[in-house]
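Encoded as structure tokens, the structure appears first; notes follow it.
The values are calculated or read from the model by the stated rules, or taken from the named source; none is laboratory data. These numbers were taken from a predicted model, which means no experiment stands behind them. Methodologically, a virtual Cβ is constructed for each residue, glycine included, from the backbone with ideal geometry; neighbour enumeration extends over all protein chains shown. Just the protein is used for accessible areas: all its heavy atoms, side chains included, with ligands, DNA and RNA removed. Shrake-Rupley method; radii C 1.70, N 1.55, O 1.52, S 1.80 Å.
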Amino acid sequence: MTEPRRGKISARATWLVRGVVGAFAAAWVVALVVFVVARPVLQTQLPVLAAHPQETHNLVAYEYGPQITASSGSWAVLHHPAYLVDGNNAPTSVEKWVSDTKDKAPWVQLAWDRPRTVSAVSLVHAGAYESAEYTMHNYVIRCLPEGQPELHVHDNRQSRVTHALACPSASAVRLEFSVIGSAGPDLVRLYEMGVQGQ
Amino acid sequence: MTRTRLRWILGALMVVALAANLIALGLHPGLHPDEFFQYLEPAWRHWQGYGWKAWEWDAKLRSWIPPGYYGAWMVMLSWVGVRSGATMHLFFQIHWAVLSVAYVWFGWRAGCAMGVGQSEADRSAAVPTDTPFDNAAADGWRSGLLAAAFCATLPWLAYYAPHTLVEVPASLMMVWGFTIWIETRNGHDTSTKKVFLAGSLLCFGAMLRIQWAPLALVPAIDWLVRKRFKSFWALVLGTIPVFALFAIVDWLTWGFPFESTWAFIDYNLIRGKATDHGISEHSWYLTTIVQRFGPGIIVAVVLLVYGLRRVYLWLIPALAVVAYLSTQRHQEERFIFIFWPMIAIAMGTCLGLFVGKYGRNRSWVWPVAIALGLVVIGFNARGISGRERLDFDDLHGLRACQAWAAAQHDISGMLIESRFHLTGGYLLVSKNIPLNSYNARFARNRIFNYYVLRSTSSAVTEAQQNGFKQVWEADRFVVLHRQP
């Protein structure tokens, strides 16, 4: 009587092991699919190192912990998008955001802690430190959420430029560039971005 | 020797192998830069959207299959709450340490197959049927057991086991493939399913480590020469699904079937650009092998010569890889890693043959065999610990400091006194913040509020003068934090 029972238990154990392994393998395949189809957003959340002051200031200075989201980045040479808010006025050629060469509609978005009043957006294009040809000519600046003022910039030639933009209650500013069919550069090189407000 | 006892001994050897591999992990084997940025970092970048991009990935020189493998694990680990890249890396190290225990099984099977049949009676008793323990009926068990023992305890195998280098899976697959070849060759088992599997394994290993591709030809040539056409075609057919997999993945990711394979061959062999990454003397591999063996090489050579008649075919891939890769000027020890499991199995087989021949009525033979094995293992351990230091040997402190700094809630950027991707990259940091090598110009940027520097570096004093304070240290490296 013992042998058949042992055989039955052994057969059940075998099926149990097979079931567990099969379930695990199926989970792994699902994970593989999740990995393959992943299209993550390039996003950086900097830590809050200081509180926003009462007066008008740069809302996205790195010490206030802005969130930076970009359409793409140039990872081979580490042009990190967070350099946009580092406030560095003597940068190396590395310390800038550069979009990917394949990115045909580059954009970057800077967000802060809560809705605030925005009065201007300042940009330091690559032309300030490199060839003037690297300054972006055409772009759109939008306050977010949607429905707030936006600014369409055409044929900009200034490497350091401040655009007046009055948004009464914005929690982010988004900068969208035109690189297709424009006379300007085919990728974005931007050293600094500031958002004045309070 | 009863089958039950053999099973227990093999189980014990697997436990020993696992312990050895984990001890090797605990002893901090050298951190090979390639184990991070070749496959783990691309997987992380694809999944998380940020990470350093090595030049190989611009040159389409790598297949996305290994990052896909690691990526699936990363997703699964995230499902159970693991978000830290450092923990994921540890998981992968343990994962390979566990899988490398399979060498014990391969050693057992290949050793049995090569050691079996010292007499006609043995040969007739040694026809493999359904279970791998059938050869235990003949003398093969001694060779199998000693080959398994070498695989469990050879320090150089344990050293490599917990590495996320592509050589680790490639070697496992190819040794498995060679094991099936030698089993089906030496026995009367002509199972085409097994040979088909061998073809797939050898092909997969070769596609992962393209420099080892010629080795996969050895079984094919053997079966052709011996007019075992059925086995030959089964082997060839076995390669087709693997070729198809690599072709399709390259097509989908790089735009053309075998794009990464062609790019790799073009870069390394046709244009000879591998020499840009360092050159060595043609005798370097040989010298290194001698150093790793130490005086134990005398025992190894005597054993191999003693059993050469049985193991010469098995030795062909092991020796061939050293021979033809010695013709290349760019040499790294991991490129010939497969030499070691192959040679371990061959040594164990030969030692088993010795025991089988002289040990039947002599009680001293087993102790002598074990002593000989311990000589090889002991000198190999000494050959590893006494080896010349490499530039990545002392980076555990740096890696620990990087991980510690990355875990701080207020980190906005980190400068490292080395290239950060060599010790874990963004995977280790697991935060999308600016990272770069320390230099005076980057140090002016206030977003970098953590530095990881060598404790003896003059940059430490400079940083302290600029308002940084040492907040942590590990193994000759320190973490400095910008004070508010």
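Within the stretch B:314-339, whose backbone N sits under 16 Å from a point 7 Å along Cα→Cβ of B:ARG226?
B:314-317
Which whole number gives the average, over all residues in B:36-45, of C-beta atoms from other chains lying within 10 Å of the residue C-beta? Let's see the in-between values first.
On the way: counts 0, 0, 0, 0, 0, 1, 0, 1, 0, 4.
The per-residue average across the peptide is 1.
Count, for each residue of B:411-417, the Cβ atoms from other chains sitting within 10 Å of its Cβ, then give me the mean as a whole number.
Working: counts 3, 11, 6, 0, 0, 0, 0.
Taking the mean over all residues of the peptide, I get 3.
Of B:GLN408, B:GLY378, B:PHE337, which is farthest along the charge dipole of chain B in the positive direction, counting Lys and Arg as +1 and Asp and Glu as -1 at C-beta?
The listed residue farthest towards the positive side: B:GLY378.
Of the trypsin sites (Lys or Arg not before Pro) in the stretch B:302-391, which ones lie in a loop per DSSP and count no more than 13 other C-beta atoms within 10 Å? Mind dumping the intermediate values first?
Numbers: sites: B:ARG309, B:ARG310, B:ARG329, B:ARG334, B:LYS357, B:ARG360, B:ARG362, B:ARG382, B:ARG387, B:ARG389; in loops: B:ARG329, B:ARG360, B:ARG362, B:ARG387, B:ARG389.
In loop regions of the stretch B:302-391 (DSSP not H, G, I, E or B), the sparsely surrounded trypsin sites (Lys or Arg not before Pro) are B:ARG360, B:ARG362, B:ARG389.
In whole angstrom, how far apart do the alpha carbon centroids of the stretch B:1-69 and the stretch B:170-232 sit?
23 Å
Give the carbon-plus-sulfur fraction of the accessible surface of the stretch B:265-352 in %, rounded to a whole number; probe 1.4 Å, heavy atoms of protein chains only.
Values: 2480 of 3690 Å².
Ligands and nucleic acids excluded, carbon and sulfur give 67 percent.
Compute the helix-to-body angle for B:3-26: its Cα long axis versus the longest principal axis of chain B, expressed 0 to 90° and rounded to tens.
In chain B, helix B:3-26 runs at an angle near 20 degrees to the longest axis.
Give the range of the longest stretch in chain B that excludes all GluC sites (Glu not before Pro) found in loop regions by DSSP and having at most 14 other beta-carbon atoms within 10 Å.
On the way: sites that count: B:GLU281, B:GLU388.
Answer - B:1-280.
Springs between alpha-carbon atoms under 10 Å, Gaussian network over chain A: tell me which of A:ALA170, A:ALA23, A:ALA111 tops the mean-square fluctuations.
In this elastic network of chain A, the residue with the biggest mean-square fluctuation among A:ALA170, A:ALA23, A:ALA111 is A:ALA23.
Could you tell me which Cys residues in the protein assembly as shown have no other cysteine's Cβ under 4.7 Å from their own Cβ, answering none if every one has a partner?
Cysteines lacking a close Cβ partner in the protein assembly as shown: B:CYS112, B:CYS151, B:CYS203, B:CYS350, B:CYS401.
Which of the listed residues, A:TRP28, B:PHE229, A:ALA164, is farthest toward the dipole's positive end in the protein assembly as shown, when Lys, Arg count +1 and Asp, Glu count -1 at the beta-carbon?
With unit charges placed on the Cβ atoms, the residue in question is B:PHE229.
So which residues of the stretch A:41-65 lose at least 30 Å² of accessible area, probe 1.4 Å, when you go from the chain by itself to every protein chain present?
Those are A:LEU46, A:PRO47, A:LEU49, A:TYR62, which lose 30 Å² or more relative to the chain on its own.
Sort the stretch B:144-193 into rounded, prolate or oblate with this rule: let a ≥ b ≥ c be the square roots of the eigenvalues of the Cα gyration tensor; rounded if a/c is under 1.5, and if a/c is not under 1.5, prolate when a/b is larger than b/c, oblate otherwise. Walk me through the numbers before you get to the answer.
Numbers: a/c = 4.73, a/b = 1.63, b/c = 2.90.
Oblate shape, in that a/c is at least 1.5 and b/c is the bigger or equal ratio.
What fraction of the DSSP beta bridges in chain B is antiparallel, stated in percent and rounded to the nearest 5?
Working: 11 of 17 bridges.
Counting DSSP beta bridges with both partners in chain B, the antiparallel share is about 65 percent.
Can you tell which of A:ASN156, A:ASN138, A:ASN89 shows the greatest fluctuation in a Gaussian network model of chain A with Cα springs below 10 Å?
Result for chain A, Cα springs under 10 Å: A:ASN89 fluctuates most.
Shape of the stretch B:264-407 from its Cα gyration tensor (a ≥ b ≥ c, root eigenvalues): rounded if a/c is under 1.5, otherwise prolate when a/b > b/c, or oblate? Don't skip to the answer; put the middle values down first.
Values: a/c = 2.89, a/b = 1.56, b/c = 1.86.
Oblate shape, in that a/c is at least 1.5 and b/c is the bigger or equal ratio.
State, to one decimal in nm, how far the label point of B:ASP475 lies from the label point of A:HIS57, with both points 7 Å from Cα in the Cβ direction.
4.2 nm
Would you mind working out the magnitude of the charge dipole of chain B relative to its Cα centre, with +1 at each Lys and Arg C-beta and -1 at each Asp and Glu C-beta, to the nearest 20 Debye? Present the calculation step by step, with values, prior to reporting the outcome.
Values: 42 positive and 30 negative charges, 125 e Å.
Here chain B has a charge dipole of around 600 debye.
For every other residue with a beta carbon closer than 12 angstrom to the beta carbon of B:ALA263, add +1 if it is Lys or Arg and -1 if Asp or Glu, then tell me the sum. Intermediate values should be presented prior to the final figure.
Values: positive: B:LYS60, B:ARG62, B:ARG271, B:LYS273; negative: B:GLU56, B:ASP58, B:ASP250, B:GLU259, B:ASP266.
Net charge around B:ALA263: -1.
Let me have the relative contact order for chain B, percent, based on Cα pairs under 8 Å that are six or more residues apart.
19 percent
Heavy atoms of the protein only, probe of 1.4 Å, neighbouring chains included. What is the accessible area of B:THR461 in Å², nearest 10?
Approximately 80 Å² of B:THR461 is accessible to the 1.4 Å probe.
Identify the chymotrypsin sites (Phe, Trp or Tyr not before Pro) of the stretch B:357-458 meeting these criteria: DSSP loop state and at most 16 other C-beta atoms within 10 Å of the C-beta.
B:TRP364
Which residue, A:VAL77, A:VAL118, A:VAL85, has the most motion in a Gaussian network model of chain A that connects Cα atoms within less than 10 Å?
Top of the fluctuation ranking is A:VAL77.
By how many degrees, between 0 and 90 and to the nearest 10, does the Cα long axis of helix A:2-37 differ from the longest principal axis of chain A?
For helix A:2-37, the angle is close to 10 degrees.
What is the local net charge at B:GLU41, summed over the other residues whose Cβ is closer than 15 Å to its Cβ (Lys, Arg +1; Asp, Glu -1)?
+2
Over the Cα atoms of the stretch B:226-315, compute the convex hull volume and normalise it per residue, giving Å³. Walk me through the numbers before you get to the answer.
Values: hull volume 16.2 nm³, N = 90.
Expressed per residue, the convex hull around the Cα atoms of the stretch B:226-315 is 180 Å³.
Enter the angle in degrees (range 0 to 90, nearest 10) between the Cα long axis of helix B:229-254 and the first principal axis of the Cα atoms of chain B, meaning the one along which they spread out most.
Result, in degrees: 10.
Would you mind giving the mean number of other chain beta-carbons within 10 Å of the Cβ of each residue in B:72-84, as a whole number? Please list the in-between numbers first.
On the way: counts 10, 4, 4, 10, 8, 1, 2, 4, 0, 0, 0, 0, 0.
That average works out to 3.
Pull out the extension gain between B:SER280 and B:ARG444, defined as 0.36 nm times the separation in residues minus the alpha carbon to alpha carbon distance; nm, one decimal.
On the way: separation 164, 0.36 × 164 = 59.04 nm, distance 3.97 nm.
Net length gain for the segment: 55.1 nm.
Which log10 I(q)/I(0) values does the stretch A:1-156 give at q = 0.16, 0.17, 0.21 Å⁻¹ under the Debye formula, counting every alpha carbon as one identical point scatterer?
-1.04, -1.14, -1.49
Would you work out which of A:SER71, A:VAL121, A:TYR83 lies farthest towards the positive end of the dipole of the stretch A:62-198, given +1 charges on the beta-carbon of Lys and Arg and -1 on that of Asp and Glu, about the Cα centre?
The Cα lying farthest towards the positive end belongs to A:VAL121.
Dipole size in debye (nearest 20) for the protein assembly as shown around its Cα centre, Lys and Arg Cβ +1, Asp and Glu Cβ -1? Provide the component values of the computation, followed by the final result.
On the way: 58 positive and 46 negative charges, 505 e Å.
It works out to roughly 2420 debye.
Compute, for A:HIS152, the solvent-accessible surface of its heavy atoms (probe 1.4 Å) with the complete set of protein chains present, and express it in square angstrom to the nearest 10.
The value for A:HIS152 is about 100 Å².
Suppose R0 equals 41 Å. What FRET efficiency, 1/(1 + (r/R0)^6) with r the Cβ-Cβ distance, do B:ILE298 and B:LYS193 give to the nearest 0.05? Mind dumping the intermediate values first?
Numbers: r = 42 Å, r/R0 = 1.03.
FRET efficiency, B:ILE298 to B:LYS193: 0.45.
Between exposed GluC sites (Glu not before Pro) in chain A, where DSSP calls loop and at most 10 other Cβ atoms lie within 10 Å, what's the longest gap?
Numbers: sites that count: A:GLU55, A:GLU146.
Result for the longest clean stretch: A:56-145.
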